[in-house]
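Every number in this text was worked out from the coordinates using simple rules, so none of it is lab data. Everything quoted here is computed from the prediction, not taken from an experiment. Please note: Cβ atoms are built from the backbone with ideal geometry, for glycine as well, and neighbour counts cover all protein chains shown.
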Amino acid sequence: MSRARDTRAAATVGRTARLELVFEHRGGRTVLAHGYAEPPLRVARTFDLDGAAYAILVCAGPGVFGGDTLTQAIRVGRDARVVLTSQAALQLHPSAAASNAPAVLRHSYVIESGAELHCHWDPVIPFAGARVDQQFDLQVADDSRFCWSDAVLAGRISRGEVWQFSALAHELVLRVGRRLAYLERYAVAPCNRGVQRTWIAGPATRVATALVRHPAVARETVEDAHRRLAAITDIVAAVDLLEPSLALARIMATDGASFGRARTSYREWTLESIFGRPELAGRK
């Protein structure tokens, strides 16, 4: 890790934090060239996966509370290959202050020419009363490749906290070169509108998005992926070809085991059939 100066006031330590990671391709493998983390954010040791850098990102402590602001800035340098995952699901708590401020999460990713990034994130879990504002910004070069998967749960489902959070604002932006290739934006406030209505979430309590960009993504591969997901019981899923080389998958489920099985199956199929690198699944 670098010795960049932490300029936060003592009272904000643990409430505001940033993570900066820069990966570079050196000597036939990818290395972490620069890293800076402020608590509660940290990055575990980076491992080599057949030339790719594999890292588990950690948010230590009991979770993120209303009023917290956490930012992540990750750059994958030219020809580098990186695999990122989270240590566990991210728990989002309500604010203890009268302002009822949201937890703010800001993530930016830059994938340079010839580079490859794989991100498989555990779900975020907004607790009852929580307010969340999260944004993911992906800026990728025309000839870069990536695999992205994020997920949201309806709350602490095992405790009966289903759609009891106050608000969830979500934005996922993908820019390829200078053009906007994909934008996913929604705001959910269960107290203002019934989320469990037909054509919204229905009975589902778990939702995931997966994006894949690779030259091997085509109509035939997308149709194959769609059929494979359709064969998994207790989920609703679809895969679509947004444009040549770019596929989108959405997965919804009420059962946690089926949801996890669908996400894992789709990821493993993507790594083997699209990227030809099943070893990049890694292990926590």
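Below is a table of values for the structure above.
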read-out: Nonlocal amide H pairs with ILE111, under 5 Å, H built at 1.01 Å; value: VAL76, GLN139, VAL140, ALA141
read-out: Once the Cα gyration tensor of segment 18-167 is diagonalised, semi-axes √(5λ) in Å; value: 31, 14, 14
read-out: Cβ-based net charge around HIS93, under 15 Å, with every Lys or Arg adding one and every Asp or Glu removing one; value: +1
read-out: Sequence-distant residues sharing a close amide H with GLY155 (under 5 Å, placed H); value: TRP163
read-out: Relative contact order of segment 203-279, defined on C-alpha pairs under 8 angstrom at six or more residues apart (%); value: 36 percent
read-out: Integer Hz, Karplus 6.51/-1.76/1.60 couplings in order for segment 202-219, x for Gly and Pro; value: x, x, 5, 10, 9, 9, 9, 10, 9, 10, 10, 10, 6, x, 7, 6, 8, 4
read-out: Long-range amide H partners of VAL132 with built H, under 5 Å; value: ALA103, ALA167, LEU168, ALA169
read-out: Distant alpha-carbon pairs in the chain (separation over 23 angstrom), percent; value: 55 percent
read-out: Loop-located trypsin sites (Lys or Arg not before Pro) in segment 169-235, at most 12 other Cβ atoms within 10 Å (DSSP); value: ARG178, ARG193, ARG197
read-out: J(HN,Hα) series, segment 116-126, from Karplus relation 6.51 cos²θ - 1.76 cosθ + 1.60, nearest Hz, glycine and proline x; value: 9, 10, 10, 10, 10, 9, 5, x, 8, 10, x
read-out: Antiparallel DSSP beta bridges within the chain, as percent of all bridges there, nearest 5; value: 45 percent
read-out: Integer Hz, Karplus 6.51/-1.76/1.60 couplings in order for segment 149-159, x for Gly and Pro; value: 8, 10, 8, 9, 9, 6, x, 7, 4, 5, 9
read-out: Centroid-to-centroid separation of segment 121-152 and segment 211-243 [C-alpha atoms, Å]; value: 19 Å
read-out: Trypsin sites (Lys or Arg not before Pro) lying in DSSP loop within segment 25-90, provided at most 15 other Cβ fall within 10 Å; value: ARG45, ARG78
read-out: Mean separation of Cα contacts under 8 Å, 6 or more apart, over the residue count of the chain: relative contact order %; value: 12 percent
